[in-house]
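The next block holds one structure in the form of structure tokens; read it before the comments.
What follows is calculated from the coordinates using simple rules that are stated; it is not laboratory data. In this text the structure is predicted, and so the values were computed from the model without any measurement. All Cβ positions, even for glycine, are placed from backbone atoms using ideal geometry, and neighbour counts span all protein chains on display.
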Amino acid sequence: PCFNRVDYTVKVMVHHASDDDNNDSYWDTFSASAQRAGSDMGVNLDLQLYGEEKQMVKDIRATVSPSSGIDALVVNIPSRTVATAVRYAAGKGMPIFGVDSGLDLAKGSGGLIDDKSLLFFSSPDEHYAGRMAASFFLDAFSDSDKEIDDALFLTPFGIRDNSTQLKPFDGYQCSLLN
């Protein structure tokens, strides 16, 4: 192991879009990888997937209590509400690492990295991923005799503050409109 700290507990708190915790291959892989990393490093890893953002925010804020037993957090940042909770916990001294989503909230002047709320952040560029998806879509139509008007478009109804879902959709839409 990198270090053996069995008395050290890392809480991984991630919001996900699926309502079915038992059938989500992305988060299954993420969870298995996180558990393996915790085991390899010799730390206790407590992983929680959240379908409900309000509970995630409440739990992030609660980690700063000395009785929580949490030594560090790993979180994704799907919204400004979660970012605010991250800033709160970091301001109380909790070491926090960001993963998976929230690039737009983490980077740049005034972002979570700039204000030292996050010690590290690793995430794909969701907007770029949406642009790439649109490119693949357009390429598929260029090789067929169907019109693009025949395509089915899904809109992100009901996800007003979830950058995890809005950024790819925005990138997708921008590519189709240009």
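List of remarks:
- Inter-probe distance in nm under a simple model that places probes 7 Å from Cα toward Cβ, at Ser135 and Tyr8: 3.9 nm
- Pair Lys54, Gln173: separation of 7 Å Cα→Cβ label points (nm): 2.6 nm
- Pairwise alpha-carbon distances in region 9-132 exceed 18 Å for 52% of all pairs.
- log₁₀ of I(q)/I(0) at q = 0.18, 0.23, 0.28 Å⁻¹ - region 26-86, Debye sum with one point per alpha carbon: -0.73, -1.08, -1.25
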